[in-house]
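Asks: Pasting a structure here, questions to come.
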Amino acid sequence: MKKIVMICTFLCMNFLANAQNIKGAWELKSDNNMAVILANEDYLVVTSYDLTNKKFENTWGGKYMLNGDQVTIDVEFNTASVAMVGTSQTYILKTKKKSLEFDGAKFERADNGSETALAGLWRITGRAGEDGQINQMQGGPRKTLKMITGTRFQWFAINPMSKELFGTGGGTYTLKDGKYTETIEYFPKDSTRVGASLSFNAEVKGNEWIHSGKSSQGSPIKEVWTKQVPK
């Protein structure tokens with residue numbers, strides 16, 4: 001009996017050691033082009049852009065499931081092909097300690113997705129009005145999400161039902177002593193913002209993140225973001 005338990009324990013540990021883990025940020029650099037994959041436990045976003053020329057190319061993503069060396073993604077948004085939204089796409093995916101091969105392209109690990117208290121997928125659920133009071137947002141198909149890994153962020157406002165993407169932007173960030181600072185690497189709506197840095201106050205209470213400070217126009221903002229816990 002003891003021998004059987006030891007064998008089962010060994011097999012379980014071996015399975016866990018070999019299970020693919022894509023959580024975190026992955027980067028593929030080629031000349032001026034940058035492709036980035038951001039992932040938590042069950043959601044991933046793929047984005048490509050030209051950082052040098054401040055040119056956004058495309059972004060897409062959705063919930064995913066791993067099965068051996070395959071990943072199946074339920075696409076919730078895709079700026080390159082609206083027809084892909086609502087479909088499930090399967091790709092070959094292989095990971096090593098510091099690299100990820102996704103559909104034949106080799107990405108290098110940038111972080112492991114758990115370095116800060118903000119790492120995860122968040123949905124905005126409240127915003128302060130002119131009186132400073134937080135107004136709760138109603139749930140629905142339209143949503144604004146923000147994927148944050150250990151070093152990178154991306155926000156995207158989408159409606160999977162209507163297959164629309166209303167806006168997106170992303171880059172790198174730091175979190176230190178309650179100060180959250182974003183450095184923008186792509187922003188399709190206004191490419192002149194690329195390279196700019198914005199700092200905000202960040203307070204995390206359980207699954208809520210209180211995001212406050214001033215916008216790029218100098219207007220006060222206060223938002224509540226709720227972490228999306230994988231089911």
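Asks: Given segment 120-227, what whole percent of its Cα pairs are spread farther than 25 Å?
Replies: In whole percent, the long-distance tail amounts to 19.
Asks: Ignoring everything except DSSP H segments at least 4 long, calculate the 222 nm mean residue ellipticity for the chain; use -39,500 (n - 2.57) per segment, divide by total residues, nearest 500.
Replies: -2500 deg cm²/dmol
Asks: Between Glu108 and Leu66, what is the spin-label point distance in nm, taking each point 7 Å from the Cα along the Cα→C-beta axis?
Replies: 2.2
Asks: For the chain, modelled as a Gaussian network with Cα springs under 10 Å, which listed residue fluctuates most, Val85, Val36, Val71?
Replies: Residue with maximal mean-square fluctuation among Val85, Val36, Val71: Val71.
Asks: Mind pulling the angle between the C-alpha long axis of helix 2-18 and the longest principal axis of the chain? Nearest 10 degrees, somewhere in 0 to 90.
Replies: Compared with the principal axis, the helix lies near 40 degrees.
Asks: Filter the trypsin sites (Lys or Arg not before Pro) in segment 86-191 to those in DSSP coil with at most 14 other Cβ atoms within 10 Å of their Cβ, and list the result.
Replies: Listed in order of number, the matching sites are Lys96, Lys97, Lys98, Lys189.
Asks: In 5 Å bins starting at zero, report the fraction of Cα pairs in the chain per bin as a rounded %.
Replies: Going out from 0 Å in 5 Å bins, the chain shows 1, 6, 12, 18, 19, 17, 11, 7, 4, 2, 2, 1, 0, 0 percent.
Asks: Cut-off under 14 Å on the C-alpha distance; same-chain residues fewer than 8 positions from Lys63 excluded. Which aspartates and glutamates are left, in chain and number order?
Replies: Here the aspartates and glutamates satisfying the reach criterion relative to Lys63 are Glu41, Asp42, Asp74, Glu76.
Asks: Then there's this: Relative contact order for the chain: what is it in percent, counting Cα pairs under 8 Å that are at least 6 residues apart?
Replies: 15
Asks: Considering Cα pairs under 8 angstrom that are at least six residues apart, work out the relative contact order of segment 81-214 and quote it in whole percent.
Replies: Here the relative contact order equals 14 percent.
Asks: Where in segment 52-159 are there GluC sites (Glu not before Pro) that are in a DSSP coil and have at most 15 other Cβ atoms within 10 angstrom of their Cβ?
Replies: Counting only loop positions with at most 15 other Cβ atoms within 10 Å, the GluC sites (Glu not before Pro) in segment 52-159 are Glu115, Glu130.
Asks: Could you tell me which of the pairs Lys163/Lys227; Lys146/Lys222; Lys205/Lys231; Lys29/Lys94; Lys176/Lys231; Lys163/Lys205 are separated by over 26 angstrom between their Cα atoms in the structure shown?
Replies: Exceeds cut-off: Lys176/Lys231; Lys163/Lys205.
No value in this document is a laboratory result; all are computed from the given coordinates. Remember, predicted model here, so these are calculated numbers, not experimental data. Positions of Cβ are generated from backbone atoms using ideal geometry, with glycine treated the same way; all protein chains shown enter the neighbour counts.
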